[in-house]
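Chemist: Please read through the structure below; I'll follow up with questions.
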Amino acid sequence: MVNITYDSSGDINWYDAATDTTVVYNLGDIAWVISATALVWLMIPGVGFFYSGLLRRKNALSMIWLSMMTLAVVSFQWFFWGFSLAFSDTANSFIGDLRYFGLKGVLEQPSIGSARIPSLMFCIYQCMFAAITPMLAIGALAEHGRLGPAMVFVFVWSTLVYDPIACWTWNTKGWSNKHGGLDFAGGTPVHISSGTAALAISIFLGDRRGYGTPRLAYKPHNSSYVVLGTTFLWFGWFGFNGGSALSANLRAVQACIVTNLAASVGGLTWMLWDYRLERKWSVIGFCSGAVCGLVAITPASGYVGSPAAVLFGVLGGTICNFATQIKFLFHYDDALDIFAVHAIGGIVGNVLTGIFAQASVAGFDGTTVIPGGWLDAHWVQLGWQLADSCAGFGYSLVMTTIILWVMHFIPGLSLRCNEEAEIVGIDDYDMGEFAYDYVGLEQDLGVKDIEGGLERERINATSGGREPRHGGPDGDSGATDVEEKHAT
């Protein structure tokens, strides 16, 4: 029997015999965090649809599958020991212990995140953060990663990378938390860690077949999926940032306002930067910029005012847009620009938080007291923001690389797929299923070449792009006489 009662207003009262005090849980606070949990859950398949739309159709379903698989694996890992490793109240400065192994003892006591909600509520809410983070990272497996070993990778990565970073950032015993690092909703634990892990995966797995050729410079196969994924993400981000107040109060409302504003400005900024090159109003550009704005505002959403959110959107959309060129400078194949959007976007958000965080905004909940950032003349705050960002970046990069290296030498756990899987697509090779049944697959696999036979068919398939081949069996253009006439 749980040790709770209800008062005349219907709120839950928990009596702590050790301190002879009564803790009141407002049902409105609990209802809001439950709703926020559902909103963040929706973001996970949102990532899957977003990534799916950006790829070629022969790999589209695998990204959606990965989103649901990640949710399932991390949900078990969080129950098993993830929550305890991240949020045990007997943790050290780096990682927790197994005090809450199997969620033992996680029930009606006040949570380590806020005394306004019980530990059980905090546990399931944080589970959603733990689940979306590796999904962001394993987008780097796109088109050349194996699905089976990905499940093992997610479990191990969540344990060795996400849980320690979450502990030092959000656990009151963590070193960054104790030194006053400000990260309201996951700039380092979610975005920097996942974006840096994606960089490590991209470098370790190597380039996709045909990388660096015009044939692999394909356009997203389904822009509608990208918009759908962005919609899920934007909608869910109100729970991601607003829910991190862990209470239904003015601070939660303010977090929702700056979240929406930064996303809007970020989307417009990226779209305008792309317009200068193409003279086209790109929905892909808008969606990419909106996500960058959301990433940048995440660590600051409970600390900054609305005017600052405009700057977060402008700088997030601008810096992340130009950061997409880093992969060409250092010659690695990040098909979905995860490093540019999430790692760089997270760093931008952390740095700007150190500058624009205000004690007055943090105090919108009536209880939080912080010294603020540069706007409050608290100059050292930026140093702690940089320290936390660099620690998360370095730790995730090194640990992810070690995990990949160890898995590579374990039979059956190498993450890189073989050549045949790249040719036919991960959907067919690993799943035997397709996003659109058989419609349009010839555009990815190459137009059937009866005269050239199987060998010519193989050349068509491995040439890489989403468009049909442009050369006939005898080296001609492959176009009809009418098409050639129009082309001239």
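The values are calculated or read from the model by the stated rules, or taken from the named source; none is laboratory data. Not measured: the values here are computed from a predicted model. Cβ coordinates were reconstructed from backbone atoms using ideal geometry, including for glycine residues, and neighbour counts include every protein chain displayed. Areas reflect the complete protein model, heavy atoms only, side chains present, ligands, DNA and RNA absent. Shrake-Rupley method; radii C 1.70, N 1.55, O 1.52, S 1.80 Å.
Chemist: Taking volume of the Cα convex hull per residue in Å³ straight from the coordinates, which label in (i) 181; (ii) 158; (iii) 200 is the correct one?
Modeler: (ii)
Chemist: What's the FRET efficiency of residue 8 with residue 311 using the Cβ-Cβ distance as r and R₀ = 41 Å, to the nearest 0.05?
Modeler: Between residue 8 and residue 311 the formula returns 0.30.
Chemist: Just going by the charge dipole of the stretch 69-204, with Lys and Arg at +1 and Asp and Glu at -1 on Cβ, which of 93, 184, 160 is farthest out on the positive end?
Modeler: Looking along the dipole axis, the top candidate is 93.
Chemist: Here's another thing I want to ask about it. With n ≥ 4 as the cut-off for DSSP H runs, can you work out [θ] at 222 nm for the chain, using -39500 (n - 2.57) per run divided by the number of residues, rounded to the nearest 500?
Modeler: Roughly -17500 deg cm²/dmol at 222 nm, from the helical runs in the chain.
Chemist: Could you pull out every Cys in the chain that lacks a partner Cys with its beta carbon under 4.7 Å away?
Modeler: Lacking a cysteine Cβ partner under 4.7 Å: 123, 127, 167, 256, 287, 390, 417.
Chemist: Please compute the per residue accessible area over the stretch 206-295 with all protein chains in place, 1.4 Å probe, rounded to a whole number of Å².
Modeler: The answer is 42 Å² per residue.
Chemist: Could I ask something else about it? Between residue 283 and residue 172, 0.36 nm times their residue separation minus their Cα-Cα distance comes to what?
Modeler: Here the answer is 35.8 nm.
Chemist: Please sort 149-158, 255-264 by packing, taking for each peptide the average over its residues of neighbouring beta carbons within 10 angstrom, highest first.
Modeler: Descending mean neighbour count gives 255-264, 149-158.
Chemist: Taking the Cα centre as origin and putting +1 on Lys and Arg beta-carbons and -1 on Asp and Glu beta-carbons, what dipole magnitude results for the chain, to the nearest 20 debye?
Modeler: Its charge dipole is roughly 760 debye.
Chemist: Keeping the other protein chains in place, figure out the carbon and sulfur percent of the accessible area of the stretch 127-168, with a 1.4 Å probe.
Modeler: 82 percent
Chemist: Right, here's the next one. When the accessible area of the stretch 291-350 is split by element with a 1.4 Å probe, what percent falls to carbon and sulfur?
Modeler: It is 76 percent, rounded to a whole number.
Chemist: Here's something else I'd like to know. How big is the charge dipole of the stretch 56-189 about its Cα centre, in debye rounded to the nearest 20, if each Lys and Arg gets +1 on its Cβ and each Asp and Glu gets -1 on its Cβ?
Modeler: My answer is approximately 340 debye.
Chemist: In whole Å, how far is the Cα centre of the stretch 63-97 from that of the stretch 220-298?
Modeler: Going from one Cα centre to the other spans 26 Å.
Chemist: Let me ask another. What FRET efficiency, computed as 1/(1 + (r/R0)^6) with R0 = 35 Å and r the Cβ-Cβ distance, is obtained for residue 377 and residue 273, rounded to the nearest 0.05?
Modeler: Working from the Cβ atoms, E equals 0.55.
Chemist: Once you put a point 7 Å from the Cα of residue 325 and another 7 Å from the Cα of residue 386, both along the Cβ direction, what distance in nm separates them?
Modeler: Here the modelled spin labels are 2.4 nm apart.
Chemist: Identify, among 9, 48, 83, the residue whose Cα sits farthest towards the positive end of the charge dipole of the stretch 1-94, taking +1 on the Cβ of Lys and Arg and -1 on the Cβ of Asp and Glu, with the dipole about the Cα centre.
Modeler: 48
Chemist: Each residue of the stretch 365-370 in order: what ³J(HN,Hα) in whole Hz does its phi give by Karplus 6.51 cos²θ - 1.76 cosθ + 1.60, θ = phi - 60°, with x for Gly and Pro?
Modeler: 7, x, 10, 6, 10, 9
Chemist: May I ask you to list, by number, the DSSP H helices of the chain whose Cα span along the axis is at least 27 Å and whose average Kyte-Doolittle hydropathy reaches 1.0 or more?
Modeler: In the chain, the long hydrophobic H runs are 27-54, 119-137.
Chemist: Going down the list 58/280; 58/327; 219/280, which pairs span over 22 Å between their C-alpha atoms?
Modeler: 58/280; 58/327
Chemist: Per residue, how much accessible area does the stretch 26-109 show when a 1.4 Å probe rolls over the protein heavy atoms, in square angstrom?
Modeler: That works out to 34 Å² per residue.
Chemist: For residue 223 and residue 99, calculate 0.36 nm times their separation in residues minus their Cα-Cα distance, and state this gained length in nm to one decimal.
Modeler: Residue separation times 0.36 nm, minus the Cα-Cα distance, leaves 40.0 nm.
Chemist: How long is the gain from residue 207 to residue 38 if the chain were fully straight, where each residue apart is worth 0.36 nm and the alpha carbon distance is subtracted?
Modeler: Additional length available on full extension: 57.2 nm.
Chemist: Output the peptides 293-303, 57-67, 275-285, 315-325 sorted from most to least packed, where packing is the average of other Cβ atoms within 10 Å over each peptide's residues.
Modeler: Per-residue Cβ counts within 10 Å, averaged per peptide and sorted highest first, yield 293-303, 57-67, 315-325, 275-285.
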